[in-house]
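Have a look at the structure below, then the notes.
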There are 2 protein chains.
Amino acid sequence: MKKEKTAGAEKTVKIKAPENGGARKTAKEKSVSAKSAKNLKIRFLGGVGEIGKNMTAIEYGKDIIVIDAGLIFPGDNMPGVDIVIPDVSYLAENKARIRGIVITHGHEDHIGALPYILRELDAPIYGTKLTLTLIEGKLKEQKINDAKLNCVKAGSVVKLGCFSVEFINVNHSIAGAVALSVTTPVGVVFHTGDFKIDYTPVRGETMDLARIAEIGKKGVLLLMADSTNVEIDGVTISESVVKDTLQRVFEENSSRRLIIATFASNVHRLQQILDLAVKFCRKVAFSGRSMINIADAAEKIGELKIPDDLIVDAERVNRYKDDEIVIVSTGTQGEPMSALTRMASGEFNKVTIGTNDTVVISASVIPGNEKMIYGVINNLYRLGAEVIYESLEPIHASGHAQRGELKTLHSLIKPKFFVPVHGEYRHLKKHAALAESMGMKARNILIAEIGDTVETDGKSIKLGEKFHAGSKFVDGVGIDGADSFVLRDRKHISEDGLIVAVVAVEELSAQLSSVEIVSKGIVMSDAAVAEAKNIVQNLIGHTDLRKVRDETELGGMIKRSLKNFLFKTTKKNPMILPIVMVV
Amino acid sequence: MKKEKTAGAEKTVKIKAPENGGARKTAKEKSVSAKSAKNLKIRFLGGVGEIGKNMTAIEYGKDIIVIDAGLIFPGDNMPGVDIVIPDVSYLAENKARIRGIVITHGHEDHIGALPYILRELDAPIYGTKLTLTLIEGKLKEQKINDAKLNCVKAGSVVKLGCFSVEFINVNHSIAGAVALSVTTPVGVVFHTGDFKIDYTPVRGETMDLARIAEIGKKGVLLLMADSTNVEIDGVTISESVVKDTLQRVFEENSSRRLIIATFASNVHRLQQILDLAVKFCRKVAFSGRSMINIADAAEKIGELKIPDDLIVDAERVNRYKDDEIVIVSTGTQGEPMSALTRMASGEFNKVTIGTNDTVVISASVIPGNEKMIYGVINNLYRLGAEVIYESLEPIHASGHAQRGELKTLHSLIKPKFFVPVHGEYRHLKKHAALAESMGMKARNILIAEIGDTVETDGKSIKLGEKFHAGSKFVDGVGIDGADSFVLRDRKHISEDGLIVAVVAVEELSAQLSSVEIVSKGIVMSDAAVAEAKNIVQNLIGHTDLRKVRDETELGGMIKRSLKNFLFKTTKKNPMILPIVMVV
């Protein structure tokens, strides 16, 4: 990797922001700027819970910049939902004021919502080379060809409206990660993005502490910093330690086949595996679509060096002896459709796991995925493989700073105000306490949530107005609000089952023709079905259908007539779906 | 607690087993005993995955004893299922051969299935005092009054058919836990149950290592031992360490209200909290039904000493100043209906959480519950409370032996054969490796799974016949097989939604009267509904209904006609429920 010169701002590349269509002031914009021109506003959008992770907006007068546009993967309480993206209605209403979307790094939780929100916000995007390459791939999949992508380097400064944004190299579990130092009319806002400090990275530079110290010395108004690992003492292990472990794995398994699962986007990890494969005279087969795509993209931009003749097609792994091949695979989280999961359950025809395989899971478990990944590990053991995973060996390095690194950061930045971001509420609390323990005053620290605005005039800081923010679900072809009735229905049926009660009535005479009761997802005896039919027939027999307003009213009556009976016989509250047919 | 004398078998109490109704030999029994009289068989029943945890059977000739009868709580992939119990069809078929059900301790995963399986197996139950007290409570809830409960003490030996079972005191996170040394015609089988070694327990005795050493010296044929914590080096922290932490919490929060969540069944932990409350002049309020019930039951049998006037009703906590009360609550796993979860979400009217509250979660997170419990912790912080939990302080001691303790056990027992139990497959593998590292031969160690039989004639050990075992779901009022179509339907609908297609046909003319399409859990535009109706109308228009065999055949045709259209418009595969009505 070429060394960037980042020692002083005067040496950095300047990129002029495009005019962005709506640069002429609208009436709305003018009134906004008059009203709150003196306050800098930080708005926390998106995701489910973790502020400053998926999406943040910085606003001053008529200008807005957006930091990141990530997705989250749905929880167990969202059956059938594919992905969750930030609700950007506030930004859509203020579309003309957005000067740019600045991306800190290329992980899904920071870029994954772009294909969806670009339909509503047409703003230029800024990011480093690998970040933009990954974004391009996502946009292409969704057939979006007109995004305005602007490549920056660590050290660059971009002017966006009244803001100037400096990109600063940090370490993380993906290459090309940057922190942002945003100079605003009120003072400097420093947003770390996701970061760690790796003094011995295997590629790239150590986080640019010199530049950060310089910025800190000049004075930072507000720091927003990654809180993920604030509960863990000490410092993260270096990627070099992982390198040593991986080298040992290659040495100790010299006669066995190696299968290494890792995040496709961790190109430095990928590079280490490729380098070791060369050293130990093994070929490499990539397995899993995202692994192949990302390796390909990273090679094209020079982030990944792949020697000629190293890579073989996954279809051909069986032509190599066990000690001649390394399979590099997706599936570190036990994702059901991933290559590793299918290998473990014997459903992956390209690779059959056996007793001469050593499987290395070079990643940590994302909270919530424990059962899935341990299920995969158990299955691999059942097939006779050896498995090496994080609780056994230092085979993965976290990408998020622990307490020791956070202290280094706070001591260099010495911000006037601090808002902890990127973590659950408990992490934000602990991070606030850490800042206090280092001498900050409690009144200068704020904890915010999604939908909060943090406001400062440079002298004090406060929680300002709440605004509309939250999640949208992407599900099949649609995008829904977070309180979707569709989702509520699915959850109801999945817990308690469904009873369909069909009533056919004759159009004119309003006389009952037929009743049918069908259950799904709940057991009803024939007797119970007959009794339910009876209840509905009785109801209709005792009702003057000419006095019933419409089918909805009759449906409601049918529901009420069945509710108690169903609870009594099934000890559940199944969803009751009445269908009234006029025949 | 009274000290039991357990030094030698000659000093132990002997309880004669009742004759158990079916003691006369049936033809079936005779043939079984002739066929395999010389092999001892260990059968692993029950649960989802972890052998030797929920239920195990030991079988020799015509005699069977059952160890434990536990439930597991359902995973996310079992929507609407209340609990999961072992499938005991094998035992039900061999009901007359069962000489007793021996329970190692009173946790749900060891006793919770009893109310259900006793409907099929009518065998006497053996357990220590607290264990039986908890079982009695469960049976009473299910209105089972005729169970044959036999109370034993650590040190007792019970003769059950050809087996004699010695109960040996172990440490665990519940009082009254025992290991079992089962003398069989082939040799001694030692089953640890759930155990740890606590050299400084706060109540009760240290695990009876002297007796275990003696048994080991005489010779153990087969060891089955708890593998849960085999991946963790060293030894578990002692309950005394937790005591010190709790004492410090009381000291440091002398002006604040204390809310301590713990497992109700951990009566030693409960005792410590009560003792500290007395020492620090606070009253105690129990919150949560199981907390009240278990404390009550434990007090009655003397396992819990509750001084007079210590306990106040949870309704009255607001009459006490913050420094005068400790609330002891359920909800350590973030269970949705538990007292702590409702406090955290502000839905518990008896206790309103505020900034002068310190909440202590004195338990570890059971894998899979991470998101729920951290959600509760985040909400408590949001309400301004301080929260102390395991990743911050030694506020809980695991009940399962770590590697150091397992090595002590193996070195004392020195078994001929070893079958690791109670753990995921990965833990069993590691435990097998640990035994090998201590000198056991690989061929003397077996890893088994649910449905496996381990057979030994005393000279060698092997995996014998597979038998029918697995899980049953208890759901509302019914008990279903694990491959329940009901559950499959629920999961299908919760992922992809449901389309009901009702077709009304006239009885005689077999002419179409009406078609209705209704969707639930999936979004369909009006146009898509109209098109779907059209498809079904066309299908029926082009079908000679007189040639259609029955409604099922017509239903199948309707399903096939809609499938592709629905996938194309929704990118999902909703369940299609055709209802054919003859009107």
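The values are calculated or read from the model by the stated rules, or taken from the named source; none is laboratory data. In this text the structure is predicted, and so the values were computed from the model without any measurement. Using ideal geometry, Cβ is built from the backbone for each residue, glycine included, and neighbour counts are taken over all protein chains shown.
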For region B:323-342, does any single residue satisfy the condition of being within 27 Å of B:P367 (Cβ to Cβ), without any contact (Cβ under 8 Å) to a residue 24 or more places away in the chain and not aliphatic (A, V, I, L, M)? yes
Selected residue (only one of B:L91, B:L40 is within 24 Å of B:T131 (Cβ to Cβ), modelled with pLDDT of 85 or more and either crowded, with 22+ Cβ neighbours inside 10 Å or within 14 Å of chain A (Cβ to nearest Cβ) (or both)): B:L91
Please give the number of the condition A:M372 fails out of (1) out of contact with any Pro (no Cβ under 8 Å at 6 or more places or on another chain); (2) under 24 Å from B:E50 (Cβ atoms); (3) not small (G, A, S). (1)
Considering residues of region B:172-200 that are more than 25 Å from the chain's Cα centre (by Cα) and not hydroxyl-bearing (S, T, Y) only, the residue nearest to B:D275 (Cα to Cα): B:V188
Boolean, B:A298 is touching a residue at least 60 places away in the same chain (Cβ under 8 Å) and small (G, A, S): yes
Within region B:156-191, tally of residues that are touching a Leu at 6+ places or on another chain (Cβ under 7 Å) and polar (S, T, N, Q): 1
Counted residues in region A:94-119 being touching a Lys or Arg at 6+ places or on another chain (Cβ under 7 Å), at pLDDT 95 or above and not basic (K, R) come to 2
Just one of the numbered conditions (1) closer than 24 Å to B:D496 by Cβ; (2) surrounded by fewer than 17 Cβ atoms within 10 Å (Cβ to Cβ) is not true of B:L566; which one? (2)
Consider A:C162 against the criteria (1) touching an Asp or Glu at 6+ places or on another chain (Cβ under 6 Å); (2) crowded, with 24+ Cβ neighbours inside 10 Å: it satisfies all of them except one. Which criterion is unmet? (2)
Any residue in region B:365-391 that is more than 7 Å from every other protein chain (Cβ to nearest Cβ) sitting within a Cβ distance under 6 Å of a residue that is in a strand (DSSP E or B) and among the polar types (S, T, N, Q)? List the pairs, counting only those 6 or more apart or interchain. B:E386/B:T358
Restricting attention to region A:315-332, does a residue exist that is closer than 24 Å to A:D244 by Cα, of a type in the set (S, T, Y) and not in a loop (DSSP other than H, G, I, E, B)? yes
Touching a Leu at 6+ places or on another chain (Cβ under 7 Å) and facing chain B (nearest Cβ under 9 Å): which single residue out of A:M557, A:M575 fits that description? A:M575
Just give me the residues in region B:503-546 being among the aliphatic types (A, V, I, L, M) and in contact with a Pro (Cβ under 8 Å, 6 or more places away or on another chain), in sequence order. B:V503, B:I522
Kindly indicate the residue of region A:334-364 that is among the polar types (S, T, N, Q) and in contact with a Gly (Cβ under 8 Å, 6 or more places away or on another chain) and also nearest to the other protein chains (Cβ to nearest Cβ) among those meeting that condition. A:T355
Scanning region B:104-149 residue by residue, the ones that are outside any loop (DSSP other than H, G, I, E, B) and β-branched (V, I, T) total 6
Identify, by number, the condition in (1) within 14 Å of another protein chain (Cβ to nearest Cβ); (2) in contact (Cβ under 8 Å) with a residue 60 or more places away in the chain that B:T456 doesn't meet. (1)
Give, as residue ranges, the strands (runs of 3 or more DSSP E) completely inside region A:204-287 that count at least 1 residues that are among the charged types (D, E, K, R) and over 19 Å from A:L406 (Cβ atoms). A:257-261, A:283-287
Return the total of residues in region B:323-362 being surrounded by fewer than 22 Cβ atoms within 10 Å (Cβ to Cβ), in contact with a helix residue (DSSP H, G or I) (Cβ under 8 Å, 6 or more places away or on another chain) and acidic (D, E). 1
Considering every residue within region B:517-537, establish whether at least one is more than 11 Å from chain A (Cβ to nearest Cβ), surrounded by fewer than 18 Cβ atoms within 10 Å (Cβ to Cβ), touching a residue at least 24 places away in the same chain (Cβ under 8 Å) and more than 51 Å from the chain's Cα centre (by Cα). yes
Being crowded, with 22+ Cβ neighbours inside 10 Å, assigned to a loop (DSSP other than H, G, I, E, B) and polar (S, T, N, Q) is the filter here; which residues of region B:170-203 pass it? B:S173, B:T192
Filter region B:493-504 down to residues that are facing chain A (nearest Cβ under 9 Å) and touching a helix residue (DSSP H, G or I) at 6+ places or on another chain (Cβ under 9 Å), then give me how many there are. 6
